[in-house]
1. Let me confirm something: among Ala49, Ala65, Ala37, Ala31, which residue is in a helix (DSSP H, G or I), buried (at least 17 other Cβ atoms within 10 Å of the Cβ) and either hydrophobic (A, V, I, L, M, F, W, C) or touching a helix residue (DSSP H, G or I) at 6+ places or on another chain (Cβ under 7 Å) (or both)?
2. Under 7 Å by Cβ, and 6 or more places apart or on different chains, what pairs join a residue from region 35-54 that is farther than 24 Å from Val164 by Cα and without any contact (Cβ under 8 Å) to a residue 60 or more places away in the chain with one that is among the aromatic types (Phe, Trp, Tyr) and not in a helix (DSSP H, G or I)?
3. In the list Asn57, Asn84, Asn73, which residue meets the criterion of being modelled with pLDDT of 90 or more, not in a helix (DSSP H, G or I) and not hydroxyl-bearing (Ser, Thr, Tyr)?
4. Provide a single number: the residues in region 105-123 that are aromatic (Phe, Trp, Tyr) and in contact with a helix residue (DSSP H, G or I) (Cβ under 6 Å, 6 or more places away or on another chain).
5. Would you check if there is a residue in region 65-75 being within 24 Å of the chain's Cα centre (by Cα) and among the β-branched types (Val, Ile, Thr)?
6. Residue under question is Ala38, and the condition is that it be closer than 30 Å to Asp148 by Cβ and modelled with pLDDT under 80; does it hold?
7. Return the residues of region 135-152 that are out of contact with any helix residue (DSSP H, G or I) (no Cβ under 8 Å at 6 or more places or on another chain), among the hydroxyl-bearing types (Ser, Thr, Tyr) and under 30 Å from Ser41 (Cβ atoms); say none if nothing qualifies.
8. Glu56 fails exactly one of the following numbered conditions: (1) surrounded by fewer than 16 Cβ atoms within 10 Å (Cβ to Cβ); (2) under 14 Å from Asn120 (Cβ atoms). What is the number of that condition?
Amino acid sequence: MMRLIIFININTINKSKGFTFIQLMVAIGIAGVLLAAAVPSFNLMMNNARLEKASENFSSYLMWAKSKADNGNAVYLSITGGTNWCYGFNSTAGCNCATSGSCEYLQIKSSEYSGITMTNNSGVTQLQFTSYSGTISSSLNVTFTNSDNISITVNRNQIGTVTVCSDDIAHYSGC
């Protein structure tokens with residue numbers, strides 16, 4: 001019969017396999033520094049995402065209005081700039097985007113995009129999309145700006161071409 005002899009080192013049994021308090025504090029300190037560096041970048045990313053969403057949605061709604069007008073429907077755009085901006089689409093003139101329920105087709109308010117301001121560079125507050133190729137009564141130029149002063153501009157000329165540009169965000173063409 002064979003015997004198995006096991007040697008146990010008593011000194012290793014009582015030693016802890018965990019971290020010391022100092023090691024834990026150093027790790028927490030490093031994590032805190034990394035987090036402090038990442039938060040501003042995360043906020044900038046979120047602000048830019050809201051800005052892009054606001055401008056891209058506006059651009060899409062302009063194309064939608066053109067399409068609806070192309071199908072023989074009357075479409076009017078009401079637009080108000082500033083910090084409490086809004087825009088709305090209606091089948092008749094006189095839609096006030098600032099009044100809830102005033103616009104029949106669609107109504108968007110700044111509260112849906114916190115921290116985004118809209119500047120109506122055209123100065124036009126009402127536009128009519130005609131049934132002939134969705135043309136509008138005048139051109140439109142609107143700039144959306146976030147709290148970091150980064151902006152995106154949406155242009156729509158009278159024949160219906162919509163362009164989105166920005167001098168601040170690389171994946172847009174310059175204005």
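The values are calculated or read from the model by the stated rules, or taken from the named source; none is laboratory data. Note that the structure is a prediction, hence the values are computed from the model and not measured. Cβ placement follows ideal geometry from the backbone for every residue including glycine, while neighbour counts extend to all protein chains displayed.
1. Working: Ala49 fails: buried (at least 17 other Cβ atoms within 10 Å of the Cβ); Ala37 fails: buried (at least 17 other Cβ atoms within 10 Å of the Cβ); Ala31 fails: buried (at least 17 other Cβ atoms within 10 Å of the Cβ).
On inspection, the qualifying residue turns out to be Ala65.
2. Going by the 7 Å Cβ cut-off, there are no qualifying pairs.
3. Numbers: Asn57 fails: not in a helix (DSSP H, G or I); Asn73 fails: modelled with pLDDT of 90 or more.
One residue alone meets the criteria, Asn84.
4. Of region 105-123, the ones aromatic (Phe, Trp, Tyr) are 105, 113.
Subset that is in contact with a helix residue (DSSP H, G or I) (Cβ under 6 Å, 6 or more places away or on another chain): 113.
Residues meeting the conditions: 1.
5. Taking every residue of region 65-75 in turn, none turns out to be within 24 Å of the chain's Cα centre (by Cα) and among the β-branched types (Val, Ile, Thr).
6. Values: closer than 30 Å to Asp148 by Cβ: yes; modelled with pLDDT under 80: yes.
Yes.
7. Selection gives Thr143 alone.
8. So Glu56 meets the others, but not (2).
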